[in-house]
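Undergrad: To start, I am sharing the structure in question, which I have written as structure tokens.
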Amino acid sequence: QVQLVESGGGLVQAGGSLRLSCAASGGTFSSYAMGWFRRAPGKEREFVAAISLSGSRTYYIDSVKGRFTISRDNAKNTVYLQMNSLNSEDTAVYYCAAGTSSILMRDSRRIDYWGQGTQVTVSS
């Protein structure tokens, strides 16, 4: 059983930056593709970004390309989401996720483990 714990959320002004972290325990971190999802108020949960086991491949939804960067440190069992140029549409609860394939992680049904979420609020 893998446990995922997110941190780094908070309140930020539009145009600002935040870095989310997700620490994994209880499993072999390097065996999992990792990703981030988010759920905005009144909306369905959506895929944001994913990274392959080695970190060599990354995937993003169009709305965050060029602003968000996903990375991982397998030695620290941690995945990160650097978020720049934040706007009000980025306000959401952000969830860390672990799965077997970074390509398939866009489909939430392919996720094996979820974190509890961290709130990101962007004020205009």
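Undergrad: Quick one: how many residues across segment 78-117 are within 14 Å of GLY9 (Cα to Cα) and open to solvent by 20 Å² or more (accessible area, probe 1.4 Å)?
TA: Adding up the residues that qualify gives 7.
Undergrad: Say we look at segment 46-75 and pick out the residues that are of a type in the set (A, V, I, L, M, F, W, C) and open to solvent by 30 Å² or more (accessible area, probe 1.4 Å); which of these is farthest from the chain's Cα centre (by Cα)?
TA: ALA75
The values are calculated or read from the model by the stated rules, or taken from the named source; none is laboratory data. Bear in mind that the values here come from a model prediction, so they are computed numbers and not experimental data. Ligands, DNA and RNA are stripped out before the accessible areas are found, and what is left, the full protein with its side chains, is counted by its heavy atoms. Shrake-Rupley method; radii C 1.70, N 1.55, O 1.52, S 1.80 Å.
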